[in-house]
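Q: Provided herewith is a single structure, encoded as structure tokens, for subsequent inquiry.
Coordinate-derived values only; no laboratory data. As the structure is a prediction and not an experimental result, all values here were calculated from the model. Here the Cβ positions follow ideal geometry from the backbone for every residue, glycine too, while neighbour counts run over all protein chains shown.
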Amino acid sequence: MDIYQSLSSHGFMLTEQIAGKIFEVLPERGPLIVIIDPNGYSRPSDPEEFARLNISESFLKEVCVTIDDGAEPVITSSNDCSIVAGQLATEESNYGYVFVVLPQYNPESTLLNIDLIEMLLNQIGLIAKLIEKNNFHYEVQMKHYRVCGQSETALN
């Protein structure tokens, strides 16, 4: 795999934009969000806190496989944390997976709040759709400007 291609790919850039927008609006003592791109690279909203939770990469991969098998959202637990995970995708593209990690939540309290957690997952999906649509419109606008610029150059 060419690392430079993956760093400049459309999907990588959009996943980075999605993570940035989501992480900047999270409350300080709110849930921990982890976004895993299709290549398996994870981006936690709070890397230090995520490291303290000691959630293994193999566990995260197992959850991703479960999501790929059609179970969504996945509700599970690991190391005294409840985890709710789903696919991060739009109609156009798959950007990976999103995990809502709730430290010190037990499965019962997670299930009591599942509607709010699913609403959060849906809002993250909406953010992805809006960023994707914004980028598409920007690309169309830039193509239009290039065509207009080339037409003006040809006239001179």
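Q: Relative to the first principal axis of the alpha-carbon coordinates of the chain, what is the inclination of helix 10-25, with its axis defined by its Cα atoms, in degrees from 0 to 90 and to the nearest 10?
A: 60
Q: To continue, here is another question. Collect residues whose amide H, placed 1.01 Å from N in the peptide plane, falls under 5 Å from the amide H of Ser77; neighbours closer than 5 in sequence don't count.
A: Ile83
Q: Just need log10 I(q)/I(0) for the chain at q = 0.18 Å⁻¹, Debye formula, equal scatterers on the alpha-carbon atoms, no solvent, rounded to two decimals.
A: So the normalised log intensities are -1.10.
Q: Could you list which residues have their amide H under 5 Å from that of Asp46, counting only those 5 or more apart in sequence or on another chain, with H placed in the peptide plane?
A: Ile33
Q: State, as an integer percentage, the relative contact order of the chain based on alpha-carbon contacts under 8 Å between residues 6 or more apart.
A: 21
Q: Spin-label point model (7 Å from Cα, Cβ direction): what's the Asn54 to Ile75 distance in nm?
A: Label-label distance for Asn54 and Ile75, simple model: 2.7 nm.
Q: Still on this structure, please answer the following. Amide H to amide H under 5 Å from Thr90: which residues, 5+ apart in sequence or cross-chain, H placed 1.01 Å off N in plane?
A: Distant-sequence amide H within range of Thr90: Tyr95.
Q: To continue, here is another question. Rounded to whole Hz and in sequence order, give me ³J(HN,Hα) for the range 49-57 from the Karplus expression 6.51 cos²θ - 1.76 cosθ + 1.60, θ = phi - 60°, writing x for Gly and Pro.
A: Here the 3J(HN,Hα) series is 5, 4, 5, 5, 6, 6, 8, 6, 5 Hz.
Q: A further question on this structure: Let me check I've understood the local charge: for Gly30, count other residues with C-beta under 13 angstrom from its C-beta, Lys and Arg +1, Asp and Glu -1. What total comes out?
A: Net local charge, Gly30 excluded: -3.
Q: So which lysines pass the test for Lys133, namely a Cα distance under 24 Å, with those fewer than 8 places away in the same chain ruled out?
A: In chain and number order, the partners are Lys21, Lys143.
Q: Taking the Cα centre of the range 1-148 as origin, work out the dipole magnitude from +1 charges on Lys and Arg Cβ and -1 charges on Asp and Glu Cβ, in debye rounded to 20.
A: My answer is approximately 520 debye.
Q: Among 103-111, 76-84, how do they line up from the highest to the lowest mean number of other beta-carbon atoms within 10 Å?
A: 76-84, 103-111
Q: ³J(HN,Hα) across the range 28-44 via Karplus (A = 6.51, B = -1.76, C = 1.60, θ = phi - 60°), whole Hz, x for Gly/Pro?
A: For the range 28-44, the Karplus-derived couplings read 4, 10, x, x, 8, 10, 10, 10, 10, 6, x, 8, x, 7, 9, 10, x Hz, x marking Gly and Pro.
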